[in-house]
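Only one structure is covered here, and it is reproduced in the block below.
Every number in this text was worked out from the coordinates using simple rules, so none of it is lab data. Note that this is a predicted model, so its numbers are computed, not measured. We place every Cβ from the backbone using ideal geometry, glycine too, and count neighbours over all the protein chains shown.
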Amino acid sequence: MNNIAIFASGNGSNFQAIVDSVKAGKLQANVSCLICDKSQAKVIDRAKKSDIPVYVVTPTAYDSKHDYEQAILKILKDYHIDFLVLAGYMRLVGDTLLNPYSHRIINIHPSLLPEFPGLHAIEKAYEAGVHKTGVTIHYVDNGIDTGPIISQEAITINKDEPLESVEERIYRLEHQLYPEVLNKLFSSKEG
Ligand code: GRF
């Protein structure tokens, strides 16, 4: 079974969905550890409740991005990690991690990429008045939400639907789609 490290910086609802899917036997993987760059993030409590080892690696404690990622790489090697799963990890991944894990770093983004990359994607799509938005799961490269797309699913924004309702439906879709897509991907690339 593949060993995965989840990278997250915030709330961790996608982290939770992945962990719950593993527990329910719907996602064949070991969640070996959480890598978090923010010491106060809610995702840390979620990991502790599920007895998943937490590594808070703070970028400002290192002289360079390379040194920061090198510290993470050491942890990943210790756990024999096969895949890096980004779930609200608010940083660009650099070459120190990209090179050894080429096509083994995955991200989820709340828009139909290449539309609305970067922060506040749901709000940006809503403000732009599009009729469709959605969720994208993609491989990570050195750009902002630019890597090759693995899977996308769309939702239609209803007439007069409030932003909060669109956000809620996007999050629900993320929590369903991410574990499903990861499971397919992992079974085709058994580590
Ligand atoms: C999600 O919308 C994800 O698509 C984006 O960041 C958000 C993280 O939410 N990359 P959470 O921390 O998983 O609740």
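Testing MET1 on (1) of a type outside the set (S, T, N, Q); (2) away from the ligand (no atom under 15 Å from the Cβ); (3) buried (at least 17 other Cβ atoms within 10 Å of the Cβ), one condition comes back false. Which one is that?
(3)
Assess whether TYR68 counts as being assigned to a helix (DSSP H, G or I) and crowded, with 17+ Cβ neighbours inside 10 Å. Explain how you work it out, then say what you get.
On the way: assigned to a helix (DSSP H, G or I): yes; crowded, with 17+ Cβ neighbours inside 10 Å: yes.
Spelling it out, TYR68 is indeed assigned to a helix (DSSP H, G or I) and crowded, with 17+ Cβ neighbours inside 10 Å.
Sort through GLU180, GLU161, GLU174 and tell me the only one that's out of contact with any Ser or Thr (no Cβ under 7 Å at 6 or more places or on another chain) and surrounded by 19 or more Cβ atoms within 10 Å (Cβ to Cβ).
Working: GLU180 fails: surrounded by 19 or more Cβ atoms within 10 Å (Cβ to Cβ); GLU161 fails: surrounded by 19 or more Cβ atoms within 10 Å (Cβ to Cβ).
Going through GLU180, GLU161, GLU174 in turn, the sole match is GLU174.
Looking at SER64, is it hydroxyl-bearing (Ser, Thr, Tyr), over 19 Å from ARG104 (Cα atoms) and within 12 Å of the ligand (Cβ to nearest atom)?
Working: hydroxyl-bearing (Ser, Thr, Tyr): yes; over 19 Å from ARG104 (Cα atoms): yes; within 12 Å of the ligand (Cβ to nearest atom): no.
Criteria not met by SER64.
Hey, among LYS124, LYS77, which residue is exposed (fewer than 15 other Cβ atoms within 10 Å of the Cβ) and assigned to a helix (DSSP H, G or I)? Break it down into steps so the answer makes sense when it comes.
Values: LYS124 fails: exposed (fewer than 15 other Cβ atoms within 10 Å of the Cβ).
From the options LYS124, LYS77, the qualifying one is LYS77.
Could you tell me whether LEU84 is within 16 Å of VAL31 (Cα to Cα), outside any loop (DSSP other than H, G, I, E, B) and not charged (D, E, K, R)? First the steps, then the outcome.
Details: within 16 Å of VAL31 (Cα to Cα): yes; outside any loop (DSSP other than H, G, I, E, B): yes; not charged (D, E, K, R): yes.
In short, yes.
Which of the residues spanning the range 155-179 are within 15 Å of the ligand (Cβ to nearest atom) and either within 14 Å of the chain's Cα centre (by Cα) or aliphatic (A, V, I, L, M) (or both)? Lay out the reasoning, then the answer.
Narrowing the range 155-179 to residues within 15 Å of the ligand (Cβ to nearest atom): 155, 163-164, 166-179.
ILE155, LEU163, VAL166, ILE170, TYR171, LEU173, GLU174, HIS175, GLN176, LEU177, TYR178, PRO179, listed by residue number.
Name the residues in the range 110-121 that are surrounded by 21 or more Cβ atoms within 10 Å (Cβ to Cβ) and either under 14 Å from the mean Cα position of the chain (by Cα) or away from the ligand (no atom under 13 Å from the Cβ) (or both), would you?
PRO110, SER111
Can you find even one residue in the range 34-49 that is away from the ligand (no atom under 15 Å from the Cβ) and buried (at least 20 other Cβ atoms within 10 Å of the Cβ)?
no
TYR55 fails exactly one of the following numbered conditions: (1) within 12 Å of the ligand (Cβ to nearest atom); (2) assigned to a strand (DSSP E or B); (3) farther than 27 Å from LYS184 by Cβ. What is the number of that condition?
Going through (1) within 12 Å of the ligand (Cβ to nearest atom); (2) assigned to a strand (DSSP E or B); (3) farther than 27 Å from LYS184 by Cβ one by one, TYR55 breaks only (1).
Among the residues of the range 85-95, is any more than 16 Å from the ligand (Cβ to nearest atom), under 16 Å from the mean Cα position of the chain (by Cα), closer than 19 Å to ASP141 by Cα and touching a residue at least 24 places away in the same chain (Cβ under 8 Å)? Outline the logic, then answer.
If we filter the range 85-95 for residues that are more than 16 Å from the ligand (Cβ to nearest atom), which is where we start, we get 94-95.
With under 16 Å from the mean Cα position of the chain (by Cα) added as a condition, the list becomes 94.
Those left that are additionally closer than 19 Å to ASP141 by Cα: 94.
Narrowing the set further to residues that are touching a residue at least 24 places away in the same chain (Cβ under 8 Å) leaves 94.
Yes: one or more hits.
Is it the case that ILE108 is of a type in the set (Val, Ile, Thr), touching a residue at least 12 places away in the same chain (Cβ under 8 Å) and within 28 Å of HIS80 (Cβ to Cβ)?
Details: of a type in the set (Val, Ile, Thr): yes; touching a residue at least 12 places away in the same chain (Cβ under 8 Å): yes; within 28 Å of HIS80 (Cβ to Cβ): yes.
Judged against the criteria, ILE108 is a match.
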